[in-house]
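Here the structure comes first, spelled out in structure tokens, and everything after it is commentary.
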Amino acid sequence: MKISLISKLPLFLAAGVLSFACQPKKESAPEAPMTPAPAKATDIHSNADPQEARVKHLHWKAAVDFEQQVIRATATWEIEAAADADLITFDTKGLTIEKVQTDNDTTAEYRLSEPDAILGQALAVLIQPTTKTVTIHYRTNPGAEALQWLSPQQTAGKKHPFLFTQSQAILARSWVPCQDSPGIRFTYDAEVTVPPALLALMSASNPETRNKTGVYTFEMKQPIPSYLLALAVGDVSFKSISPRSGIYAEPSVVGKAAWEFADLEKMIAGAEELYGPYQWERYDVLVLPPSFPFGGMENPRLTFATPTILSGDRSLTSLIAHELAHSWSGNLVTNATWNDFWLNEGFTVYFETRIMEKLYGRDYAEMLASLNLQDLKSEIQSLSDDGHPADTKLKLNLASRNPDDGVTAIAYNKGYFFLRTIEEMNGREKFDRFVKDYFTQNAFKVMTTEAFIPFIRDYYQKQYNITLNDTLFEEWIYGEGLPNSCSQPKSIRFDAVDAAMTKWKEGQKIEALTKPWTTHEWLHFINHLPDSLTPSQLKDVDALGHFTASGNAEILAAWGVIAIHNQYTPAYAKIEDFLIHTGRRKFLMPIYTEFIKTAEGKAQAQAIYAKARPNYHFVAVNSLDKLLGPP
Ligand code: BES
Ligand code: ZN
């Protein structure tokens, strides 16, 4: 054993660490557009070498300790190794590794590489080609980046603590040693022990009620990538919506949430009618406390969602359609690397919009699409202004960067408009058949951008005798900005808002015109307010739309930016309260960004941030520290 270790890892004993293992893997030369798909995509954000040895199944046994804010666990991985394999490599970040075993109780040799700020540490374990299992005994660190430990005060009920994970993009490695690459799938089962007053849930088969022992078991039978590993522990109850769907949330929230998402079953059925059967058996939604850093996260079988979509009027449910759509785009057909992120999100926004159109009609969906286009245009502008025009390409290059840098409106909205443009070129019927077959033929597989291009071209050629030309892919995927071929949404309801806006600018009273407006019309209105507003105009629009008093987080966040830009101080107390109690990064970033444009605003922002920071998840803190400087 030692001999093979030394010959395999000459640097290893000398340096005491696997000093090579965390060097970014050599990247293949940048793909020339239109080259055939590579046999295998290299994931620059993982240390795993799945060609040598890869994981197939995880048995996870864990105990959640709220006092110490650590998880103590053993991860037993069933693996498959190549005929000449002598190492298996996992990703870890901040984990304390206690012991590693292979197969039946032998102590295995392993080493951790030096930490890399983004990638963490490689854990290399010496194996035989015949090794079947690797067991890692470990504990997490109180600062584990995926985990947020909430005090009772940070929950709705104020009585019990709460824990949730956020693994996407590369944070799973901070709570489970894993091959943390979207291209590597595995099944899992788990046994998790939590304080008996709390319920544990995972991205797997889930309990509906608490049990006295505090021990819960889980099973995920379909293979998933590591970024879809998820755990939540808290005082959570369940309300059924349909035989295959329901809502989990804190007891005081679950009723409101079940009302808000009453159409959940219709969404699932609508999605299936569009693009084929739902493959994950149940679809439940867990509404988290407000510090959840995203709107939603498509953890399989159990979407995690922010409570900021509980607007009380069902106007923000497209987010649920989005996370549900990921059950096909992303969870079934998965982006091979984070450079291909648009394949996950662009397809999902497209699918989401189609679900909303099916349930609520074309007018509704066209409002969503118009808002998307507005966001896309301003994202392209700001990425270009900030010196990142290359990040406006669908195909990203995130080498030496955090994949989080790729989470912009480009993947989502440019991805959406690319697909919509193809749809409109040759008709919806053809496009729908393509999308359905794309999901079916690639289910439980990975997709690179370079494999997607020949897939869709061959499909259109063979099925319809239609040649999709090179320029389409060149300009949308490898080109910057918004191509001229972009399809244009047409929203009659927004046309009416535009007409009212013109009247308002002329000083006319428009209150009567705004009577039928819903959330999206108000958002469109706010987005089109003049850049500078006088104090009396600010007062007037606030009286018209009740923005400062709004219980709708989307409206409040959009209005907050306008209010700060124009120093409309009557809104400041509400904005501060919102920033302290909401952890959703999408809302935080624009508001803080607007604040810091003036010296006075910057001081205000820093004072608020000092109070709010303890309430935010690492994902939000990481972005905000860069913006505002750590406290
Ligand atoms: N998968 C994403 C969230 C994500 C992306 C987390 C990348 C970490 C890295 C999720 O599906 C998502 O897109 N959420 C959006 C909502 C959506 C309606 C655009 C969000 O959180 O705002
Ligand atoms: Zn998404």
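The values are calculated or read from the model by the stated rules, or taken from the named source; none is laboratory data. In this text the structure is predicted, and so the values were computed from the model without any measurement. We place every Cβ from the backbone using ideal geometry, glycine too, and count neighbours over all the protein chains shown. The accessibility values were calculated without ligands, DNA or RNA, using every heavy atom of the protein model including side chains. Shrake-Rupley method; radii C 1.70, N 1.55, O 1.52, S 1.80 Å.
Overall, the anisotropy analysis places the stretch 118-189 in the prolate class: the square-rooted eigenvalues a ≥ b ≥ c of its C-alpha gyration tensor yield a/c not less than 1.5, with a/b exceeding b/c. Partners of LYS93 within straight-line reach, counting aspartates and glutamates whose Cα lies under 13 Å from its Cα and excluding those fewer than 8 residues away in the same chain: GLU114, ASP116, GLU145, ASP180.
The aspartates and glutamates whose alpha-carbon is closer than 15 Å to the alpha-carbon of LYS602, local same-chain residues fewer than 8 away aside, are GLU576, GLU594, ASP625.
Counting only whole DSSP H helices of the chain, the ones at least 24 Å long by C-alpha along their axis and with mean Kyte-Doolittle hydropathy no lower than -1.0 are 341-360, 362-385. Solvent-accessible area of HIS565, all protein chains in place: 70 Å² (probe radius 1.4 Å, heavy atoms, ligands and nucleic acids excluded).
Dipole size of the stretch 71-153 about its Cα centre, with +1 on Lys/Arg Cβ and -1 on Asp/Glu Cβ: approximately 380 debye, rounded to the nearest 20.
Compute, for MET447, the solvent-accessible surface of its heavy atoms (probe 1.4 Å) with the complete set of protein chains present, and express it in square angstrom to the nearest 10. MET447 has an accessible surface of roughly 10 Å² with all protein chains in place. Scaled against 2.2 N^0.38 Å for its residue count N, the alpha carbon radius of gyration of the stretch 501-631 is 1.10. For the stretch 482-527, the fraction of C-alpha pairs farther apart than 12 angstrom is 65 percent. The Rg/Rh ratio for the stretch 493-567, using Cα coordinates for both the radius of gyration and the Kirkwood hydrodynamic radius, is 0.91.
Placing pseudo-labels 7 Å out from each Cα toward the beta carbon at ASP105 and ASP531 gives an inter-label distance of 7.4 nm. Entry note, the chain: the mean residue ellipticity at 222 nm calculated from DSSP H runs of n ≥ 4, each adding -39500 (n - 2.57), is -11500 deg cm²/dmol after division by the residues and rounding to the nearest 500.
Look at where the Cα atoms of the stretch 563-580 and of the stretch 406-434 average out, and the two centres are 37 Å apart. Extension gain, LYS159 to ASP470: 0.36 nm times the residue separation minus the Cα-Cα distance gives 106.0 nm.
Give the residue list of chymotrypsin sites (Phe, Trp or Tyr not before Pro) in the stretch 408-509 that are DSSP loop and have at most 13 other beta-carbon atoms within 10 angstrom. Loop-located and lightly packed - PHE444.
Take each of the peptides 103-111, 123-131, 203-211, average the number of other beta-carbon atoms within 10 Å over its residues, and list them starting from the highest.
Working: 103-111: 14.3, 123-131: 19.7, 203-211: 17.0.
Sorting 103-111, 123-131, 203-211 by mean packing, highest first, produces 123-131, 203-211, 103-111.
Peptides 575-585, 251-261, ordered by how many other C-beta atoms sit within 10 Å of their residues on average, highest first, read 575-585, 251-261. Going 7 Å from the Cα of ALA610 toward and past its Cβ, which residues in the stretch 573-590 have a backbone nitrogen under 16 Å from where you end up? Label zone hits: 580. When DSSP beta bridges are restricted to pairs lying wholly in the stretch 156-312, around 70% turn out antiparallel.
Looking at the square roots a ≥ b ≥ c of the eigenvalues of the Cα gyration tensor of the stretch 319-444, which shape do they give, rounded for a/c under 1.5, prolate if a/b is larger than b/c, or oblate? Please list the in-between numbers first.
Details: a/c = 1.91, a/b = 1.29, b/c = 1.48.
Cα axes put the stretch 319-444 in the oblate bin.
Sorted into 20 angstrom bins from 0, the C-alpha pair distances of the chain split as 19, 53, 26, 2, 0 percent. Modelled this way, with points 7 Å down the Cα-to-C-beta line, the labels at GLU424 and LYS266 are 2.7 nm from one another. Pairwise inverse Cα distances across the stretch 231-316, averaged and inverted, put the Kirkwood hydrodynamic radius at 13.2 Å.
Students often get this wrong, so check it: of LYS61/LYS132; LYS159/LYS611; LYS61/LYS436; LYS266/LYS395; LYS159/LYS539; LYS239/LYS358, which have C-alpha atoms separated by over 29 Å?
Details: LYS61/LYS132 18 Å; LYS159/LYS611 22 Å; LYS61/LYS436 37 Å; LYS266/LYS395 34 Å; LYS159/LYS539 40 Å; LYS239/LYS358 25 Å.
LYS61/LYS436; LYS266/LYS395; LYS159/LYS539, as the Cα separations exceed 29 Å there.
Report, for the chain, the % of DSSP beta bridges that are antiparallel, rounded to 5. Working shown, then result.
Values: 63 of 82 bridges.
The antiparallel fraction comes to roughly 75 percent.
When you work out D = kT/(6 pi eta Rh) for the stretch 394-484 at 25 °C and 0.890 mPa s, using the Kirkwood radius from C-alpha pairs as Rh and the Stokes-Einstein form, the result is 171 µm²/s. Dipole orientation for the chain: of the candidates ILE97, VAL619, THR408, ILE97 has the Cα lying most toward the positive pole (charges on Cβ; Lys, Arg +1; Asp, Glu -1). The stretch between THR187 and ARG401 holds 74.1 nm of extra length on full extension. This uses 0.36 nm per residue minus the Cα-Cα distance. Using the Stokes-Einstein relation with a Kirkwood hydrodynamic radius computed over Cα pairs, the translational diffusion coefficient of the stretch 75-156 at 25 °C and a viscosity of 0.890 mPa s comes to 172 µm²/s.
Let me have the relative contact order for the stretch 85-131, percent, based on Cα pairs under 8 Å that are six or more residues apart. Could the numbers behind the result be given before it?
On the way: 72 pairs, mean separation 24.2, N = 47.
For the stretch 85-131, the relative contact order is 52 percent.
Excluding same-chain neighbours fewer than eight residues apart, the aspartates and glutamates reachable from LYS256 by a Cα-Cα span under 20 Å are GLU208, ASP235, GLU265, ASP284, ASP313, GLU323, GLU554.
Strictly over 32 Å apart at the Cα level, which of LYS503/LYS574; LYS393/LYS445; LYS56/LYS377 would you flag in this model? Cα-Cα > 32 Å for LYS56/LYS377; rest within.
A 1.4 Å probe, protein heavy atoms only, puts the accessible area of LYS436 near 80 Å². If the viscosity is 1.002 mPa s and the temperature 20 °C, what translational diffusion coefficient in µm²/s does Stokes-Einstein give for the stretch 298-342 when Rh comes from Kirkwood over Cα pairs? Translational diffusion coefficient: 183 µm²/s.
Going by average Cβ neighbours within 10 Å, how do the peptides 364-371, 268-275 rank, with the highest at the top? Spell out each step's value before the answer.
Details: 364-371: 21.4, 268-275: 18.1.
Highest mean packing first, the order is 364-371, 268-275.
The alpha carbons of the stretch 110-235 stretch over 49, 32, 24 Å along the principal axes, in descending order. You can think of it this way: the chain between ALA83 and THR569 has 168.1 nm of extra reach, that is 0.36 nm per residue less the Cα-Cα gap. Considering the stretch 447-514, its Cα convex hull presents a mean projected area of 7.9 nm².
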